[in-house]
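Peer 1: Right, I'll just put the structure down here and ask away after.
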Amino acid sequence: MGKRLPKARLITRGNLDGIVCAAVFLGRYPSGEITFISSPPSAAEAASNDGGHDVIIIADVPLTPEIMALLDKDPRIMLVDHHPACECHPQAVVDVSMSAAGAAPRHFGLLSSLTGAVALADLYERSETAAVAWMAATMGRERIELESRILDFSWRYNIEDDGFRLETARALSAGSLPSEVGSVVDRYQAMIGGDRWARALSKVREKLQVRGGLGLLDLRRDRPSLYGFGSLALVEAARERGCRYAMLVHDSRDASVASLRACGGGNVDLGLFVRDFARAHGTDGGGHPGSAGVRLPRQAADRLIDELAAAVG
């Protein structure tokens, strides 16, 4: 009689990287439970309320003090992530050079059939890894860029649909690429055919402000629907205007939220820039060299814009 696998649970984000994390997890724990979340607090809440699993993996969530305290308290919990962290923990695997899905095999192991899916996550996170190079050599760079785009567009069709995320993760875990999964292709085509992408891009082009090398989308007073394509459409429009960086800022309750993206050709580490700015204003923020985010007091938003515009030239 075979050895029983531990009863396992994955808690991960619902974006492309999180979906691929789920695929890698299912390769190791085919009967495992998956919970998709949207933020570190929701991940911490889900993990702290779990009493029935032998193994709990949190993926694509930064090692915040809240998560650190959770790891200290519960030896069942493992973190797999790629966001820069100021501290380390024996129960955390953090690799900033790749996607969370790329870092996950250090804990799960990686089936060779999942190399393609991991490459899509690495590409999505702007990480030029060995998986990306191998897939590009195998099927061409344009093909893997298209596969990543298909997967990224498809989950945005209905961002509340965790059933679709799970179905897609299972298909990727079995070795399929996004273009080989009917439901994924249907949603991608619906996004393209319904002109959501074109309409989002048109709205961003109309509202984009250019400040030197920074393309700014300021939605604090007017926040139209961008059909789930906010950052993607912003980067596209900013590149068209010759910007090296892009920022989207909007208000949420009593704070402002900013998302920063590199468009190519610059040397500013956005993760470090946001981390330092956030610390100076008593809040949390950070990310990667090419993408970062921060929630900050409303009165500090204009200063963030000014300082980033000055930094990128």
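Peer 1: Which of the residues belonging to region 3-33 are under 25 Å from residue 231 (Cβ atoms) and either over 20 Å from the mean Cα position of the chain (by Cα) or hydroxyl-bearing (Ser, Thr, Tyr) (or both)?
Peer 2: 12
Peer 1: Tell me which of these residue 148 doesn't satisfy, since it passes every other one: (1) in contact with a Gly (Cβ under 7 Å, 6 or more places away or on another chain); (2) under 28 Å from residue 236 (Cα atoms).
Peer 2: (1)
Peer 1: Within region 3-24, can one find any residue that is without any contact (Cβ under 8 Å) to a residue 12 or more places away in the chain and surrounded by fewer than 16 Cβ atoms within 10 Å (Cβ to Cβ)?
Peer 2: Yes.
Peer 1: If a residue must be surrounded by 15 or more Cβ atoms within 10 Å (Cβ to Cβ) and among the small types (Gly, Ala, Ser), how many such residues does region 151-168 contain?
Peer 2: Total meeting the criteria: 1.
Peer 1: Something else about it: Any idea how many residues of region 91-150 are small (Gly, Ala, Ser) and surrounded by 17 or more Cβ atoms within 10 Å (Cβ to Cβ)?
Peer 2: Number satisfying all stated conditions: 15.
Peer 1: From the list 79, 26, 70, 16, exactly one residue is more than 29 Å from residue 154 (Cβ to Cβ) and touching a helix residue (DSSP H, G or I) at 6+ places or on another chain (Cβ under 8 Å). Which is it?
Peer 2: 70
Peer 1: Here are some residues: 46, 59. Which one is at pLDDT 90 or above and more than 23 Å from residue 96 (Cα to Cα)?
Peer 2: Among 46, 59, only 46 is at pLDDT 90 or above and more than 23 Å from residue 96 (Cα to Cα).
Peer 1: Another question, then. Just for region 158-188: of the residues that are more than 20 Å from the chain's Cα centre (by Cα) and charged (D, E, K, R), which one is farthest from residue 17 (Cα to Cα)?
Peer 2: 186
Peer 1: Name the residues in region 304-313 that are touching a helix residue (DSSP H, G or I) at 6+ places or on another chain (Cβ under 8 Å) and buried (at least 19 other Cβ atoms within 10 Å of the Cβ), would you?
Peer 2: Selection gives 304, 308.
Peer 1: Only one of these is touching a Leu at 6+ places or on another chain (Cβ under 8 Å), touching a residue at least 40 places away in the same chain (Cβ under 8 Å) and within 25 Å of residue 87 (Cβ to Cβ): 281, 288. Name it.
Peer 2: After applying the criteria, what remains is 288.
Peer 1: Just give me the residues in region 90-112 being over 20 Å from the mean Cα position of the chain (by Cα) and at pLDDT 90 or above, in sequence order.
Peer 2: Passing the criteria: 90, 91.
Peer 1: In addition: Hey, could you check region 184-204 for residues that are surrounded by 14 or more Cβ atoms within 10 Å (Cβ to Cβ) and not hydrophobic (A, V, I, L, M, F, W, C) and say which is nearest to residue 149 (Cα to Cα)?
Peer 2: 188
Here's the yes/no breakdown for (1) more than 20 Å from residue 115 (Cβ to Cβ); (2) under 19 Å from the mean Cα position of the chain (by Cα):
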residue	(1), (2)
136	no, no
140	no, no
156	yes, yes
190	yes, no
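Peer 1: Given the conditions (1) modelled with pLDDT under 95; (2) in a helix (DSSP H, G or I), report the number of the one that residue 185 does not fulfil.
Peer 2: (1)
Peer 1: Might you let me know whether region 266-273 holds any residue that is within 21 Å of residue 15 (Cβ to Cβ) and not assigned by TED's automatic domain parsing to the domain that holds residue 60?
Peer 2: Checked region 266-273: at least one residue is within 21 Å of residue 15 (Cβ to Cβ) and not assigned by TED's automatic domain parsing to the domain that holds residue 60.
The values are calculated or read from the model by the stated rules, or taken from the named source; none is laboratory data. Keep in mind that what you see is a predicted model, and the values were worked out from it rather than measured. Heads up, the Cβs are rebuilt from the backbone with ideal geometry, glycines too, and the neighbour counts pull from every protein chain shown.
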